[in-house]
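Comments concern the structure below.
The values are calculated or read from the model by the stated rules, or taken from the named source; none is laboratory data. Since the structure is predicted, the reported quantities are computational estimates derived from the model, not experimental observations. Counting neighbours? That spans all protein chains shown, and the Cβs are built from the backbone with ideal geometry, glycine included. Heavy atoms of the whole protein, side chains included, go into the accessibility calculation; ligands, DNA and RNA do not. Shrake-Rupley method; radii C 1.70, N 1.55, O 1.52, S 1.80 Å.
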Amino acid sequence: MKTIGLIGGMSWESSLEYYRLINQEVKARLGGLHSARCLLFSLDFEEIERCQQQGDWDGAAQILASAAQSLASGGADCIVICTNTMHRVAPQVAESVTLPLIHIADATAQRIRKAGLATIGLLGTVYTMEQDFYTGRLEDRYALNVLIPDKSDRLLVNRVIYDELVLGEIRSDSRRAYAQIMDSLVDRGAEGIILGCTEIGLLVGPEDSRVPLFDTTRIHAHSAVDFALRD
């Protein structure tokens, strides 16, 4: 079994889910008392969020690259950035080490294509929904038609992530608001919805959507296990 290197803490609420999902999947596949070989470098999210607010993506890249180098030195065989938004700096992180980086958008797009879908709705932070590093990758590499909510709904989705979910606060009114936003994307033609922030799966589930949900946390975690158990 290979060792999975996790860059977490963004937020630790979703990093906890990564650890749980990865170990559950290893146990499910191998049985017995098996658990995952993994290393976790957990960052201080306050520093990362400050970089996001200031648009200091180079500074954020340096922080994540340093974490990746520490994981490589510790014996990791791959790098997993446990957040969608910070894949904004995935190229710089990948360049900082010789290990493969398992990209969350690639893993998700492959699952969507396997399901036979072409038009997909995307929820996430404003950075993920509005910047090209994520939607552009889905469109250019996988020929997906990506729909995002309108401006006011994007701001609501973003606010719930930063003011509630990363703090571990789960509110029923926010769940209803997300369900309405997902409905509006479906009305526009979305055949499925990407939960494109690793905390969103803590708030909504299949019962809240008329179309299939693609939980990036679960998909990414299982892709890491695929790598770890591959011969």
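From the residues in the range 192-216 that are in contact (Cβ under 8 Å) with a residue 24 or more places away in the chain, more than 14 Å from ILE112 (Cα to Cα) and of a type outside the set (A, V, I, L, M), which one is surrounded by the most Cβ atoms within 10 Å (Cβ to Cβ)? Only one residue fits best here, namely THR198. In the set ILE194, ILE219, ILE120, only one residue is in a helix (DSSP H, G or I) and of a type in the set (Val, Ile, Thr); that residue is ILE219. Residue pairs whose Cβ atoms lie under 6 Å apart, sitting 6 or more positions apart in sequence or on different chains, and linking a residue in the range 129-141 that is within 14 Å of ALA90 (Cβ to Cβ) to a partner that is of a type outside the set (A, V, I, L, M, F, W, C), are PHE133/ARG88; TYR134/THR128. Screening the range 114-134 for residues that are within 18 Å of THR217 (Cβ to Cβ) and of a type in the set (Ser, Thr, Tyr) and picking the one that is most open to solvent (accessible area, probe 1.4 Å) gives TYR127. Pairs linking a residue in the range 67-80 that is surrounded by fewer than 21 Cβ atoms within 10 Å (Cβ to Cβ) and in a helix (DSSP H, G or I) to a residue that is modelled with pLDDT of 95 or more and not small (Gly, Ala, Ser), with Cβ atoms under 8 Å and 6 or more positions apart or on different chains, are GLN69/VAL97; SER70/PHE41; ALA72/ILE79; ALA72/VAL97; ALA72/THR98; ALA72/LEU99; GLY74/LEU39.
Suppose the filter is within 23 Å of ALA221 (Cβ to Cβ), open to solvent by 80 Å² or more (accessible area, probe 1.4 Å) and of a type in the set (A, V, I, L, M, F, W, C); does LEU167 pass it? Yes, satisfied. May I ask you to say which residue of ARG154, ARG111, ARG141 is modelled with pLDDT of 95 or more, assigned to a helix (DSSP H, G or I) and surrounded by fewer than 18 Cβ atoms within 10 Å (Cβ to Cβ)? Every option except ARG141 fails the conditions. Selection of the range 89-106 for residues being of a type outside the set (Val, Ile, Thr) and open to solvent by less than 10 Å² (accessible area, probe 1.4 Å) yields ALA90, ALA105. With the condition kept exactly as written, say whether any residue in the range 23-40 is modelled with pLDDT of 95 or more and under 19 Å from GLY196 (Cβ atoms). Checking the range 23-40: not a single residue is modelled with pLDDT of 95 or more and under 19 Å from GLY196 (Cβ atoms).
Return the residues of the range 141-171 that are acidic (Asp, Glu) and more than 19 Å from the chain's Cα centre (by Cα); say none if nothing qualifies.
Step one: filter the range 141-171 for residues acidic (Asp, Glu), giving 150, 153, 163-164, 169.
Residues satisfying the conditions are ASP150, ASP153.
Looking across the range 1-29, the residues that are open to solvent by 10 Å² or more (accessible area, probe 1.4 Å) and aliphatic (A, V, I, L, M) come down to MET1, LEU16, ALA28.
Scanning the range 34-64 for residues that are in contact (Cβ under 8 Å) with a residue 60 or more places away in the chain, open to solvent by less than 70 Å² (accessible area, probe 1.4 Å) and either on the phi > 0 side of the Ramachandran plot or among the charged types (D, E, K, R) (or both) yields a total of 1. Restricted to the range 177-191, and to residues there that are without any contact (Cβ under 8 Å) to a residue 40 or more places away in the chain and closer than 22 Å to TYR127 by Cβ, the residue that is surrounded by the fewest Cβ atoms within 10 Å (Cβ to Cβ) is SER184. Scanning the range 201-231 for residues that are β-branched (Val, Ile, Thr) and closer than 18 Å to ILE104 by Cα returns THR216, THR217, ILE219, VAL225.
When we screen VAL204, VAL211, VAL186 for residues that are farther than 28 Å from GLY8 by Cα and assigned to a loop (DSSP other than H, G, I, E, B), the only hit is VAL211.
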